[in-house]
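Visitor: First the structure, which I've put down as structure tokens, then a few questions once you've had a look.
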Amino acid sequence: MAADPLRWFEREPWWDTQTRAPIGVDVVNVKVWRVQVRINTASPLRTMEIRRRPHSPSWVLTRINDAV
């Protein structure tokens, strides 16, 4: 890692994927991490965003950009 990771929560647009939000389940708040990495000192710095899937222990890589 080239910098300290950033973490925040975003609102998940559940209405785009479901007709109703399940009762008692938190589908709205989604944890997001932004990390900056490079393979070695000569490689370019990349910024990646990963997001936690609702109702799942798995994560999804949602964005890769040049360093911001």
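The values are calculated or read from the model by the stated rules, or taken from the named source; none is laboratory data. Computed from a predicted model, the values in this text were never measured in an experiment. No Cβ is skipped: glycine too gets one built from the backbone with ideal geometry, and neighbour counts run over all protein chains shown.
Visitor: Determine the pairs where a residue that is surrounded by 10 or more Cβ atoms within 10 Å (Cβ to Cβ), located within the stretch 49-64, has a partner that is small (Gly, Ala, Ser) with Cβ atoms under 9 Å apart, the partner being 6 or more residues away or on another chain.
Guide: 52/58
Visitor: If residue 62 satisfies all but one of (1) at pLDDT 85 or above; (2) among the polar types (S, T, N, Q); (3) in a loop (DSSP other than H, G, I, E, B), what's the number of the condition it fails?
Guide: Of (1) at pLDDT 85 or above; (2) among the polar types (S, T, N, Q); (3) in a loop (DSSP other than H, G, I, E, B), only one is false for residue 62: (3).
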